[in-house]
Amino acid sequence: MDVLGRYRNLIVLVGVLFAQVLGLAVQVKRTTDNESTRLIRIWAVGTVTPLEKALVWAQTSTGNVWHSYFYLRGVRAENRSLKAQVEQMSLERVRMSQDADQARRLQALLAFKEQFISATMAAQVIGSSGSELSRSVYIDKGERDGIKPDMAVITADGIVGKVLRVYGSTALVLLIDDQTSGVGALLDKTRLQGILRGTPSGEVVLEKVMSDETVPAGEMVLTSGGDGIFPKGLLVGRVTKVAPGTELFLNIRVRPAADLSKLEEVLVVTKIDERQAEPDQTGAARAIDILAERLPKVPAKPENAVKADAAGAVAPGTVAPTTVAPLSTGSDLKPKAVPAEASAASGAPAAQKKASPASSSGPKATAAGTPAVKDSPKPVKATAEPKAQPTVEDSPH
Amino acid sequence: MAITYTSGEQVEVYRFSIPATVLIPLAAVFLQAFLPLRFRFFSIFDLPLLVTIGFATARRSPLAGLLTGSFIGILQDALTHHPIGLYGISLTVVGFGASSLGIKLDVEHSGARFLLTIFFYVVHEIVYFMIARGLVGLHMEWSWPHELLSGVANALLGVLIFMLLDRVKQRT
């Protein structure tokens, strides 16, 4: 009894350590998820995450007030810049839509099935695991919001990770720089495939690329879709360093496109659909709409001038003073009256002589992107109300 | 200043109120999970470890020390995606060791606390490293300069935390 009393502390220590080692061994041995420890995890997460949520909510609310009411300086300049960007992107979209349409036709010929993200859910990052060796974060969406394990988590910049555990109103997301994560990836130009893994130091490496391959630094890394979690083609990051690795493989360091150390909001991919590629029949029309949008605008004619025009009607067959670009079928698009010279010089699909309405049932675009134009015997009359339908009166032949 | 040997009769034993016993470890685990997201550099600190050492040295009871360490460690483990027990085991050892050493040494001075924290930080990392590699099979890299630097950073913060804990501890 004396011995037990004397070594009581040591015996308790050994007992507690033994119990924990045993528990650890059981958890490691199990190949399935740690369901045996789920209750402890639920309690711990349920204790810590409400506080995190409250703090993040307070922080976000304060930030929103600041951005909504006080931080308006520079908005005009930013707006101008964004408009210019939109213009540039619209042009780019025209070119890409043509490429995409061609690709779809080819894919349809090959009966190609493509995956695409059809639904996402925005979530706020509320906390981390608190350990350098467990690179994972908690988000404020969980089972009640339809989040399930193995859903992909992304940002606008690139992929972030996957949902590992789901609780009632939170979920644990395993980041791609964790050493236990694995993402199927491929190099953009060389199309070499590998497995993306994290390292203990938090770096991301692309493994299983043979050492006899040439991989340039700066090459983009995309998801390959092989892991069944991330759809193919999402941006992962860029190659920063390539060195000979162990055995037959290269050691390729990758810098993730998404900043994993400053995550605030993420998107959880809740639905990925697979569909057979079909040629897009409306591609050409959309391209024309975009071009029409880009045509220069002429200020609306004063009412007096319109009346004067109406009074002194232009004789049939003569050239009208203005022409009208083809209209889009979209409800938000406005008709644009452009000078005939400007239209001709820019190669825009506006008629050189007369106005021509365009609608979904109107004249179709030609392959070259120029719509058919009808001569109008009547003068052009602009209307004040913006409508999707032609606003220029055009008489039938 | 230095760590001085004191007899069992000389050491003062403190206790903490129940709210402090529960809320301080919870706050430490919460801040450890929350702050690194906002301040990247904070991930070098280990608040739960510092609180474990602080409680253990103040109470000077090995039993209370190991149980406190075990509780805080398991709570910390539960937030990670690794099996529960990694932090649990290492903090159990640290709690037991710190309280046992607290009986033998005078750890009321900042210098002693600073050295003690560095020592137990390294002990904690060694135990964690061994379990993570040996039992769980995680790949880990050991770097003495990194561990010592982290130890010093944690010790500096630890001295401040121990001063805060001094305010809530009660003499028995």
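Dividing the convex hull volume of the alpha-carbon atoms in segment A:186-226 by its residue count gives 85 Å³ per residue.
Just in segment B:81-151: which GluC sites (Glu not before Pro) are loop by DSSP and have at most 10 other Cβ atoms within 10 Å? Counting only loop positions with at most 10 other Cβ atoms within 10 Å, the GluC sites (Glu not before Pro) in segment B:81-151 are B:141. Among rounded, prolate and oblate, which fits segment B:62-110 when a ≥ b ≥ c are the square roots of the eigenvalues of its C-alpha gyration tensor, a/c under 1.5 means rounded, and a/b larger than b/c means prolate? Prolate shape, in that a/c is at least 1.5 and a/b is the bigger ratio. Is the shape of segment A:122-248 best called rounded, prolate or oblate, per the rule: a/c under 1.5 gives rounded, else a/b larger than b/c gives prolate, else oblate, with a ≥ b ≥ c the square roots of the Cα gyration tensor eigenvalues? The shape class here is prolate. What's the local net charge at residue B:24, with K and R +1, D and E -1, over the other residues with C-beta under 14 Å away? Net of charged neighbours comes to +3. Distance between the C-alpha centres of segment B:102-172 and segment A:240-269: 32 Å, rounded to the whole angstrom. Computed packing ranks the peptides A:177-189, B:44-56, A:246-258 as B:44-56, A:177-189, A:246-258, most packed first, by mean other Cβ atoms within 10 Å. Here segment B:22-93 has an Rg and Dmax of 11.9, 36 Å, counting Cα atoms alone. At q = 0.14 Å⁻¹, what log₁₀ I(q)/I(0) does segment B:79-172 have when each alpha carbon counts as one equal point scatterer in the Debye sum? So the normalised log intensities work out to -0.60. Please give me the summed charge of the neighbours of residue A:209: other residues whose Cβ is under 14 Å from its Cβ, Lys and Arg +1, Asp and Glu -1. Combined, the nearby Lys, Arg, Asp and Glu give 0. For segment B:39-80, the Stokes-Einstein estimate of translational diffusion at 37 °C and a viscosity of 0.692 mPa s comes to 298 µm²/s, using the Kirkwood hydrodynamic radius over alpha-carbon pairs. Using C-alpha pairs below 8 Å separated by at least 6 residues, the relative contact order for segment A:49-206 is 13 percent.
Chain B contacts chain A over a buried accessible area of about 3900 Å², both sides summed; the probe is 1.4 Å and only protein chains count.
As a fraction of the 1.4 Å probe accessible area of chain B, surface on carbon and sulfur atoms comes out at 70 percent. For residue A:266, the shell of other residues with beta-carbons less than 14 Å away shows a net charge of -3, using +1 for Lys and Arg and -1 for Asp and Glu. Across the options B:172, B:65, B:99, the greatest Cα extent toward the positive end of the charge dipole of segment B:35-172 (unit charges at beta carbon of Lys, Arg, Asp, Glu) belongs to B:172.
With distances taken between every two different alpha-carbon atoms, chain B has a Kirkwood hydrodynamic radius of 16.1 Å.
The values are calculated or read from the model by the stated rules, or taken from the named source; none is laboratory data. Note that this is a predicted model, so its numbers are computed, not measured. FYI the Cβ positions are ideal-geometry reconstructions off the backbone, even for glycines, and counts take in every protein chain you see. Ligands, DNA and RNA are stripped out before the accessible areas are found, and what is left, the full protein with its side chains, is counted by its heavy atoms. Shrake-Rupley method; radii C 1.70, N 1.55, O 1.52, S 1.80 Å.
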